[in-house]
């Protein structure tokens with residue numbers, strides 16, 4: 001049998017198709033996450049958080065392609081470009097690391113810029129400038145691309161073949177035209193645009209190197225355009241989590257113009273990354289709120305310890321403190337650590353749990369209650385506890401509530417049903433992927 005033609009070799013190319021009805025649940029879940037992201041973006045941006053998110057994206061998108069970059073160099077370059085304090089200047093010079101930083105910064109800067117061939121070449125130039133492998137930075141490829149695999153019996157198979165180089169300029173013009181005419185009025189439109197333009201771009205493979213990194217940057221651009229803000233989204237982090245399925249589905253899409261299966265895989269990945277962004281944004285808002293309430297009571301030593309906990313994100317803030325941990329982090333004696341913790345507890349900045357030598361402390365903010373620990377207010381009743389969990393962690397379900405409220409599943413389920421009947425919470429989405437949300441904001 002002759003090999004299946006690649007999508008760009010078909011007469012219909014680039015007119016792909018998909019069954020929208022098969023994506024109903026996936027698009028509804030994306031829309032909920034998108035609306036939550038819009039709400040999260042009403043909060044002021046934390047510059048250091050944005051710089052770290054951009055650096056993480058630059059490092060991860062490079063790693064997916066097997067390119068190692070120096071995270072310290074990337075972070076230093078991004079902080080310098082954004083005028084953000086918080087990262088030590090890097091004395092090292094590394095062309096690949098600096099290129100990775102330049103590209104994520106260019107994507108952020110060009111969030112609202114119309115897509116064009118010139119913009120794509122500019123991103124590629126930023127990524128590849130100074131690369132010592134002879135890649136033509138900022139230029140479309142002049143060589144053919146074919147990926148061939150050989151099995152253990154010596155049989156070869158062409159896994160991927162891109163259009164010949166002479167077709168690339170025309171293919172990019174068509175790609176830009178599709179981008180600029182694709183609907184983006186609703187969250188579902190935005191999800192489909194991000195999903196379908198990705199295999200379109202990867203099928204063209206317009207550059208000698210860097211196509212995967214630029215393709216993922218284009219996904220980030222679609223989402224940022226839709227959200228209306230230059231936001232750092234962890235596209236590559238979630239592609240990396242599903243790496244094997246990502247490449248399998250992308251390969252299948254390269255052999256077909258029915259991209260329903262591809263969208264069924266990729267739209268949930270987009271939903272995951274938006275949910276992660278919302279969670280991170282809530283953490284930043286909670287950190288800001290916690291410091292506004294309690295920082296005035298901190299000694300300089302306490303301030304350094306607490307800020308160090310926040311550097312590890314939500315997990316660090318929820319990890320809590322003990323006398324031994326304070327001794328290690330603050331580099332003080334046991335009597336000094338005991339006195340520091342007692343002063344912070346008296347000021348209300350931390351909450352003790354346990355007794356005697358087993359006493360631990362958590363930061364006094366509802367967002368930093370560790371999973372599995374009953375939240376404050378449990379004595380007011382299971383219904384109140386569950387409702388507070390819904391408000392603090394929208395979109396979660398009964399298993400999550402069980403981890404925090406120490407009672408039986410039947411009791412939690414009764415509380416959930418009572419809150420739904422009372423009109424205080426509601427379930428959104430499918431039974432499999434949906435969760436509970438508060439129906440109004442408490443005064």
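The values are calculated or read from the model by the stated rules, or taken from the named source; none is laboratory data. Quantities reported herein were computed from a predicted structural model and do not represent experimental measurements. Every residue, glycine as well, gets a Cβ built from its backbone with ideal geometry; the counts of neighbours run over all protein chains shown.
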Give the number of residues within the range 235-246 that are surrounded by fewer than 22 Cβ atoms within 10 Å (Cβ to Cβ) and touching a residue at least 60 places away in the same chain (Cβ under 8 Å).
3
Kindly check whether there is at least one residue in the range 413-431 that is loosely packed, with under 11 Cβ neighbours inside 10 Å, modelled with pLDDT under 85 and within 26 Å of the chain's Cα centre (by Cα).
yes
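Quick grid of which residues meet (1) in the same structural domain as residue 161 (by TED's automatic domain parsing); (2) crowded, with 20+ Cβ neighbours inside 10 Å; (3) part of a helix (DSSP H, G or I):
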| residue | (1), (2), (3) |
| --- | --- |
| 201 | yes, yes, yes |
| 208 | yes, yes, no |
| 215 | yes, yes, yes |
| 232 | yes, yes, no |
| 248 | yes, no, yes |
| 272 | yes, no, yes |
| 275 | yes, no, yes |
So how many residues does the range 401-436 have that are in contact with a helix residue (DSSP H, G or I) (Cβ under 7 Å, 6 or more places away or on another chain) and in contact (Cβ under 8 Å) with a residue 12 or more places away in the chain?
19
So residue 40 clears everything in (1) free of Cβ contacts under 8 Å to residues at least 40 places away in the same chain; (2) within 16 Å of the chain's Cα centre (by Cα); (3) over 21 Å from residue 216 (Cα atoms) except one condition, right? Which one?
(1)
Quick check: is even one residue across the range 278-289 within 16 Å of residue 368 (Cβ to Cβ), outside the structural domain of residue 194 (by TED's automatic domain parsing), touching a residue at least 40 places away in the same chain (Cβ under 8 Å) and in contact with a strand residue (DSSP E or B) (Cβ under 7 Å, 6 or more places away or on another chain)?
no
Would you be able to tell me the number of residues in the range 307-331 that are out of contact with any helix residue (DSSP H, G or I) (no Cβ under 8 Å at 6 or more places or on another chain) and within 14 Å of residue 350 (Cβ to Cβ)?
3
Within the range 258-267, work out how many residues are in a helix (DSSP H, G or I) and either free of Cβ contacts under 8 Å to residues at least 24 places away in the same chain or touching a strand residue (DSSP E or B) at 6+ places or on another chain (Cβ under 6 Å) (or both).
2
List the number of the failed condition for residue 126; all other conditions in (1) part of a helix (DSSP H, G or I); (2) under 21 Å from the mean Cα position of the chain (by Cα) hold.
(2)
Can you report the number of residues in the range 102-118 which are touching a residue at least 12 places away in the same chain (Cβ under 8 Å), surrounded by fewer than 21 Cβ atoms within 10 Å (Cβ to Cβ) and part of a helix (DSSP H, G or I)?
4
Hey, among 270, 274, 255, which residue is touching a residue at least 24 places away in the same chain (Cβ under 8 Å) and over 24 Å from residue 62 (Cβ atoms)?
255
Every residue in the range 168-188 that is out of contact with any helix residue (DSSP H, G or I) (no Cβ under 8 Å at 6 or more places or on another chain) and either under 21 Å from residue 256 (Cβ atoms) or surrounded by 15 or more Cβ atoms within 10 Å (Cβ to Cβ) (or both), please.
174
Name the pairs: first residue in the range 61-75 and on the phi < 0 side of the Ramachandran plot, second residue at pLDDT 90 or above and surrounded by fewer than 17 Cβ atoms within 10 Å (Cβ to Cβ), Cβ to Cβ under 9 Å, at least 6 apart or on different chains?
61/240; 62/68; 63/240; 64/240; 64/243; 69/63
